[in-house]
Every structure is written in C-alpha cells, then in structure tokens.
Amino acid sequence: MNRKILHQGMVSSARLWRKGRQRVTAVTSVAPQPSAPPHLAAPQPHPFTTTTTPQQTTRPTPTPAQAHSEPTGIRVAEAGKEVLEVTFADGSHSAFPYCWLRDNCQCHECFDHDALCRKLTLEDWQHDDSPTSVQVEEDGGGVGLQWISGHSSRYEAQWLQQHAFTAAARDAQRSFLALRKELWSTELELPRLDYEAVMHQDTAMLDFLVTLERKGVVVLTKAPREPGTVFSIINNIGYVKPTHYGVHYPIRSKVSASSLAYTDQRLGMHNDLPYFNYVPGIIFLHCITQFEGEGGENDLSDGFQVARYLKEHHPGEYRILTDTPVYFWDKGTAQVKEETTEYHKIINLPILVEDRVSGAVVRVNNSQLRNSYLDLSPHLVTRWYAALRLFNQTVDQHSIRNKLKSGEMLVMDNTRLLHGRTAYNGALGERYMDQAYLDWDGALSRRRVLQERLGVTLE
C-alpha cells in the first residue's frame, strides 16, 4: 500500500446513474489530470491570485478575478432568418434565436423583476414569432425588437452579452454552476485555513468554499474546542442536515454502539450514509480532543481520482463499477424524536455514479453497509467482487493519512472523498470528535452569493 503518512500540515450529486448514457457537452466536468501531478500548495485566503501556463492540463487552484468591468454595448444587430445576429462593442459576436429572445423578453408584462421569474408560459407566444424591426439604441446600451405578434421587447447590451451563446459565456455559466474539480493523490498538501477568518471574513469564507469544491477536503485550524462548534460554521453557510442520528454526532468510543464510528475499532474507507437518496454532501468533523497514543488517524482518498485512474488503466472493471447497482441499507431505532421511532433506509446505486450527460463520475458510494442482496446473475458476481476489490486497493494506493490536532476541523465532500480511521485503544485515553452535515446546495449557494457580493469570477 502506497498511502502517504502525513505530518501535521501535510497530506499525502447530480443526475444519477442510468444505462444508455448520452455523450454531449458537459454541464460540469472534471479536468483531465497528468500522470504525475505537480506538487500543489495550499491556497491562502487573501489575496486571490492565479497563474497558468500553456503546458498545464488542469486548471489551477481557484482563480478569482475582478468581474468584467469594460464598457459593454451593441455595435450592430441584424435580423436573420431565425436568429438575431449581434456584434458587441468589444468585437465579440453571438446569434440569438428568436424563440429564445421571445421566451426571455424582459419587459414587465413578460418578466417579474422582483420574483426574478418569467410570467409568460410557452402557450403565451407563438413559436414562429419574429421581429419586424430591430433598433439599436444610439449609445449601444440596448436593442429593441418589434414582433410580428405586436409585442415589443428591449434587451440590455450587458444582459445579452452575459447570456450569449458564445463559448466564453457558456463556459462562465458552467463555472458559476459548479467549479472544475482538482483531482489529487498522495502528492497533495492538505489545505489548511484559519477557522476564525473563515467565520468572519467574506474573502476567507469564499476561499474555503472554493477550495472545498475544488479539492473536496479542507482542514480548519484553531477552532474553539467546544461541542456544537460545527453548528456555528454550518449556520454561517446554510442549514444543518439532520438524519436519524440527530443533527450532530458526538463520536466517542462506547459499549453497545449503534455504529462502528462509536467504537475504537478501525474504520475502512467509506462514504457516510450512502443509503440516502440525498446523501449528506459535506461532513464537518471537529476534533475536540485527540487521542494522544498510537492510532486515531484519518485516512483520506479522492474517489474521483480513483475513478479516473480505473477508467484509464482498468476500463473493464471501471464499467462494472458504474453499471452494477448495489443495495446500501441501514435499519434500526432512531436517536432523535424528529425521526420515526424505527427506520429502514435502502438505496440501489452503483459504486461509481456517472452523470448521464457528461459521463463524469459525480458520486462515489462505498461502505460496509452493503446489503447482502445483490441483484446480479450468479455468473456475474465473481467479476463484480473482483472489480470492487480492485477499487478498494486503488483507494488505498491513492490515499493519505493525517492525524488531526485538538481544535482542528476536517471538512470533506462526502459525495467524493472516502475516509477511514485507524484503530486506537480507547481504554488508554479519550478521542472525542463532534460531527455534523451540510448539504451541497447550501454551500454552492453561499459561494455564488459571495462571488456576486465581492465581484469575483472563477474559472
């Protein structure tokens, strides 16, 4: 096993699976990785900087830049057969289909600017409606269209350029939706950011959210050693995700534990609660008291990197892992009053879940909480187990090991990162972790709000 052991400061969801995947332009994508990725330094909260070279095959660490500040305007707008051809003041050009323009009319009759929602439905306008006249404003600030139907529309130049059908505009919106992932293996330094800065500075919070989205893991340092600290930072981003274990989980070794997490035994590499349709997106694991003896380290592995490696080097096994659904389950008595007294949760998904459009892996599922039911013909079972064994071996080979200090908080993308724990002797000392979950919807929303507030774009 090639796991890198870390000293302090070092590391060694989506459209779900279905058969018949369609290969078209990706909405989100994973950047291709070189066979020997360069050593990456942990990003600093401020200032935001970036460097790129023509030889790079991956995008660099988050690269905020000032939002487009050059004056925008329309130089020429000409009516074609089915599209409006627009040339902007900076020389860029885009064609705008008439059906799209009519559907996106920004007048108060068609669009509610308080609710940010169109009022009209598709039944309110004719599909073949087209302009009888096109008038570019004298200062180039907008263009007016008079439609055959009698309706009038005006479109601001900046709005049109932002929503253009150009490669640049489409790529910018993809990046705003979801940032490109930076895959890593044993060569990566574990990003470490100051907890208090993230809590109280917008730039540091944005850096934290971007780094987490890119790399799938961040350590927050110098957090208060108080139970419930995870609530403070999660509530600064979104909302705590409750489960049948409650809203947070004091993780200590105890007898008659309802989960292996509440023991001092070794935990294999896994994703938390894979039996949820809407699996907890982000794990906040706060080290209140670290076990001072041997053991209690966290093993971490980038599941998307493992998937990329298998697809490149073991395509047959990769396809088995993407095409074979597996039952994950959990059953027992709930520990919180908000949940029904008893629960029985089950899902049937592959180990590697691909986006049906892009083909990129968007969710990794691995856990000892696999049900013994396997929906396969007997002659396929042995091949599936061989593929799963190869997956687990690859996870270990690409993993790192790190032992948190008391007061540090490990934040992980649970849809991507596999994590485990080495055994320790609970009779010799305490290991006290506090854990809670946040859905990715909340984190992504907060990142976009901060981008707009700070006037920052990200590639």
Being in a loop (DSSP other than H, G, I, E, B) and buried (at least 21 other Cβ atoms within 10 Å of the Cβ) is the filter here; which residues of region 407-438 pass it?
E408, N414, T415, R416, Y424, R431
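Can you tell me which of R174, R154, R170 is open to solvent by 10 Å² or more (accessible area, probe 1.4 Å) and assigned to a strand (DSSP E or B)?
Exactly one of R174, R154, R170 is open to solvent by 10 Å² or more (accessible area, probe 1.4 Å) and assigned to a strand (DSSP E or B), namely R154.
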Scanning region 279-318 for residues that are more than 30 Å from N235 (Cα to Cα), at pLDDT below 95 and open to solvent by less than 10 Å² (accessible area, probe 1.4 Å) gives G295
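Based on this model, can you work out whether D112 counts as out of contact with any Asp or Glu (no Cβ under 9 Å at 6 or more places or on another chain) and of a type in the set (D, E, K, R)? If you could, list the steps in order and put the result at the bottom.
On the way: out of contact with any Asp or Glu (no Cβ under 9 Å at 6 or more places or on another chain): yes; of a type in the set (D, E, K, R): yes.
Judged against the criteria, D112 is a match.
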Residue list for region 189-228, filter: within 19 Å of the chain's Cα centre (by Cα) and assigned to a loop (DSSP other than H, G, I, E, B):
L190, P191, G216
Flagged in region 359-383 as under 14 Å from Y327 (Cα atoms), under 28 Å from the mean Cα position of the chain (by Cα) and either of a type outside the set (V, I, T) or open to solvent by 30 Å² or more (accessible area, probe 1.4 Å) (or both), in numbering order, are N365, N366, S367, Q368, L369, R370, N371
Answer residue from region 258-290, given it is touching a strand residue (DSSP E or B) at 6+ places or on another chain (Cβ under 9 Å) and of a type in the set (F, W, Y) and is nearest to L212 (Cα to Cα) among those
F284
Can you tell me how many residues within region 234-278 are surrounded by 15 or more Cβ atoms within 10 Å (Cβ to Cβ), small (G, A, S) and either on the phi > 0 side of the Ramachandran plot or at pLDDT 80 or above (or both)?
3
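The values are calculated or read from the model by the stated rules, or taken from the named source; none is laboratory data. All figures in this text were calculated on a predicted structure; none of them were measured in a lab. Quick reminder, even Gly has a Cβ in these numbers, built from the backbone with ideal geometry, and neighbours come from all protein chains shown. These accessible areas exclude ligands, DNA and RNA; they are computed on the full protein's heavy atoms, side chains included. Shrake-Rupley method; radii C 1.70, N 1.55, O 1.52, S 1.80 Å.
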